[in-house]
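What follows is a single structure, written as structure tokens, with notes after it.
The values are calculated or read from the model by the stated rules, or taken from the named source; none is laboratory data. In this text the structure is predicted, and so the values were computed from the model without any measurement. Methodologically, a virtual Cβ is constructed for each residue, glycine included, from the backbone with ideal geometry; neighbour enumeration extends over all protein chains shown.
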Amino acid sequence: MAEINTSKKSNKLTLYIIIALFAGILLGFVLNTNYVADENKNIVQFEAAAKSIQTQIKAVTDTNTDAYKQLIEKKTAISKEKTVAIDARDKKLEPFSLLADIFIRLIKMIVAPLVFTTLVVGVARLGDMKSVGRIGGKTLLWFFSASFVSLMLGMMLVNFFKPGETMHLPLPDIGLDTGIKKTALTLKEFLYHVFPSSVIESMAKNEILQIVVFSLFFGVATAGIGEKGEIVIKAMDAIAHVILKVTGYVMNFAPLAVFGAMTAIIAKQGLGILTIYSIFIGEFYFGLLVLWLVLILAGSLFLKKRIITLIQRIKEPILLAFSTSSSEAAFPKTMLELERFGCKNKIVSFVLPLGYSFNLDGSMMYMTFASLFIAQSYGIHLDFATQMSMLMVLMLTSKGIAGVPRASLVVIAGTLATFNIPEAGLALLLGIDPLLDMGRSATNVVGNSIATAVVSKWEGDLEV
């Protein structure tokens, strides 16, 4: 009876989220055409003026002339006016943005302690290093295979569709700033990103990969001290259940968050953004659909017909990730639904947190798709060997990427610089990135859920 009641409550929440999604789009359209119409019009005019002045600046040969200095001053003034207009628009839409921001903050509040407690319990219950190594090996095998397939699929589709070739853009100024900080690509920085100097700092910053590393050590050590470790396991298990209860409370606010997020996005970008970039958006979402089919087919080799039941189970986390553009927002709910599907707690607690560092399939596909789209837009030809090198660089630098909005752009920025592709090309995607981020966040949930279920099946720990 409890399961039936939980199922009914879950279905109601899903319905409320869908209603909130469409209500947000409708209200966002109304606000875009009325409430913030003047601000949006001014922003477009400032962008056009800035582009015109930039063209004039490029035509100037002598940078010491008064004319050149005046152009620079005009460009700076327009940039300031554009910032004022954006701030004014954001101020008007702040109540809607706050609904989504507060929800994301509440979820982020939960994620770090939930990952720590569940992973420690999961590893400790595995019993020994041999079990951890066996399950970890199977998990990473699936993760790296899925990541490679996702990156390769993105590379194949962008070469097939060639969406950037219609842009015919001139190479931009080297100094043009996109406002996105590039990731460090050195081995030293990568290793520093993996291994924490302070677990408290890692939890404060929600560095999932660092929390995973500490939790693995802590879990193995807990299992290694025998009976004394049972006290720690029971305490951690109890804390995890308390946090999951808190998750239930927080999830009741999900429809409000979805409504706020969608209203703010459509009010700022308008439905016109869908028309302008409709071909690119359509091709990318087609790619995500293909990736879903590949992941589901791969999962069905192990789960058979139960793969359909799994997808039905996780529809609510998928919707939540899609609406909020955050894989992390769906993490607690995904964990609950996987356990209800039949995955043992110890497997879910071990595999799913790892997936949030190593297995963001939607983000992976986007990285090759977006990077090569930008290269195509500037007429930069990359041969097959260079593209494969880019794929392998992305495979490494993407590990530990946060499951939060715009996180993929940070990795892409660093990769573009490595292959001498103008970083300013990211500006092409900034306007539509929220729409793209929704699809890839939902795909991340699908990929991690299938991975957890498959590893459970491999271990013989999947209940019918």
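Things to note:
- The residue list Ala50, Ala112 contains one member that is surrounded by 15 or more Cβ atoms within 10 Å (Cβ to Cβ), among the small types (Gly, Ala, Ser), within 28 Å of the chain's Cα centre (by Cα) and in a helix (DSSP H, G or I), which is Ala112.
- Condition met for Lys41 (among the charged types (D, E, K, R), without any contact (Cβ under 8 Å) to a residue 12 or more places away in the chain, closer than 27 Å to Val258 by Cβ and in a helix (DSSP H, G or I)): no
- Single residue of segment 427-460 satisfying the filter (farther than 15 Å from Ala298 by Cα and touching a Leu at 6+ places or on another chain (Cβ under 6 Å)) that is surrounded by the fewest Cβ atoms within 10 Å (Cβ to Cβ): Gly439
- Pair list, Cβ < 9 Å and 6+ apart or interchain, from segment 294-313 residues that are free of Cβ contacts under 8 Å to residues at least 12 places away in the same chain and farther than 16 Å from Val455 by Cβ to residues that are part of a helix (DSSP H, G or I) and not small (Gly, Ala, Ser): Leu297/Ile307; Ile308/Ile296
- Screening segment 200-291 for helices (runs of 4 or more DSSP H) wholly inside it with 3 or more residues that are of a type in the set (D, E, K, R) returns the ranges 227-251.
- Looking across Ser389, Ser371, Ser398, Ser408, one residue alone is buried (at least 19 other Cβ atoms within 10 Å of the Cβ), at pLDDT 85 or above and hydroxyl-bearing (Ser, Thr, Tyr). It is Ser371.
- No other residue among Glu423, Glu463 is more than 15 Å from the chain's Cα centre (by Cα) and surrounded by 20 or more Cβ atoms within 10 Å (Cβ to Cβ) apart from Glu423.
- Pairs with Cβ under 6 Å, 6+ apart, first in segment 250-278 and modelled with pLDDT under 80, second among the small types (Gly, Ala, Ser): Ile273/Gly431
- Some residue of segment 89-97 being exposed (fewer than 14 other Cβ atoms within 10 Å of the Cβ) and at pLDDT below 85: no
- Residue match in segment 350-367 (condition: surrounded by 23 or more Cβ atoms within 10 Å (Cβ to Cβ) and in a loop (DSSP other than H, G, I, E, B)): yes
- For Leu191, the criteria (1) under 25 Å from Arg105 (Cβ atoms); (2) assigned to a helix (DSSP H, G or I) hold in every case but one, which is (1).
- Candidate set from segment 160-197 (those that are surrounded by fewer than 11 Cβ atoms within 10 Å (Cβ to Cβ) and closer than 30 Å to Leu114 by Cβ); member that is modelled with the highest pLDDT: Ser197
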